[in-house]
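Just below is one structure, and these are the notes that go with it.
The values are calculated or read from the model by the stated rules, or taken from the named source; none is laboratory data. Since the model is a prediction, treat every value here as computed from it, not as a measurement. All Cβ positions, glycine included, derive from the backbone under ideal geometry; neighbour counts span all protein chains shown.
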Amino acid sequence: MKPEEREQLFRDGFEAYVEGDMERALSQYSPEIEATAPDWMNQGTFKGHQGFLEWAAAWHEAWESWTQELVEVRAAGADHVVARVRVRGRGRGSGVELDQEVGQVVAVDEHGKATYIQITQDFERALEIAREREVSN
């Protein structure tokens, strides 16, 4: 898949997710999608569409308000896309305010479906993860 096609796939899935259109978002993901944020929030790896939905639900339960803004998308290697995303939120119950840029890594298969999503603390770490995954695959 061409780099610009992978970038557009990410934009489409991100837009659907942010708009709350989970059916459209899941149509961009492989049934074997793996989602994780091990160095940020929601520890653990969530697998499949159901796992992704559980991951997203846990995320939204933790936040009274939550917004995401796509800042940058870049194809990385032959199979990955990385993104810089500005997240803002207020913790449910705690009232803790969050305003930070995070990195997202997405692997895309030969069918144009996302197979792996990882959220990390920053864009540079997302680039490192994409490079490591490209070498190991």
### Query
Given the structure, is GLY77 small (Gly, Ala, Ser), within 17 Å of ALA130 (Cβ to Cβ) and more than 15 Å from the chain's Cα centre (by Cα)?
yes
### Query
Is there a residue being surrounded by fewer than 16 Cβ atoms within 10 Å (Cβ to Cβ) and in contact (Cβ under 8 Å) with a residue 60 or more places away in the chain anywhere in the range 70-77?
no
### Query
Give me the pairs: first residue in the range 106-130 and without any contact (Cβ under 8 Å) to a residue 60 or more places away in the chain, second residue among the acidic types (Asp, Glu), beta-carbon distance under 8 Å, and six or more apart or on different chains, which are they?
ALA107/ASP79; ASP122/GLU101; PHE123/GLU72; PHE123/GLU101
### Query
Does ARG86 satisfy being free of Cβ contacts under 8 Å to residues at least 40 places away in the same chain, within 21 Å of LEU9 (Cα to Cα) and of a type in the set (D, E, K, R)?
yes
### Summary
Counting only strands (runs of 3 or more DSSP E) entirely within the range 1-115, those with at least 3 residues that are under 18 Å from ALA126 (Cα atoms) are 29-36, 63-76, 80-91, 97-108
### Task
Identify the single condition in (1) among the β-branched types (Val, Ile, Thr); (2) surrounded by fewer than 14 Cβ atoms within 10 Å (Cβ to Cβ); (3) at pLDDT 95 or above that VAL96 does not satisfy, given that it satisfies every other one.
(3)
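Can you tell me which residue in the range 1-51 is farthest from ALA130 (Cα to Cα), limited to those that are of a type in the set (A, V, I, L, M, F, W, C) and without any contact (Cβ under 8 Å) to a residue 60 or more places away in the chain?
Filtering the range 1-51 for residues that are of a type in the set (A, V, I, L, M, F, W, C) and without any contact (Cβ under 8 Å) to a residue 60 or more places away in the chain, the one farthest from ALA130 (Cα to Cα) comes out as MET22.
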### Query
Only one of these conditions is not met by PHE10: (1) surrounded by 15 or more Cβ atoms within 10 Å (Cβ to Cβ); (2) more than 21 Å from ASN137 (Cβ to Cβ). Which number is it?
(2)
### Task
Considering each residue of the range 23-40, count those that are surrounded by 15 or more Cβ atoms within 10 Å (Cβ to Cβ) and either more than 23 Å from GLU110 (Cβ to Cβ) or of a type in the set (Val, Ile, Thr) (or both), and give that number.
4
### Task
Return a yes/no flag: does the range 47-68 have any residue that is closer than 17 Å to GLU5 by Cβ and surrounded by fewer than 17 Cβ atoms within 10 Å (Cβ to Cβ).
no
### Query
Based on what the data block shows, is VAL18 surrounded by 13 or more Cβ atoms within 10 Å (Cβ to Cβ), within 14 Å of the chain's Cα centre (by Cα) and at pLDDT below 95?
yes
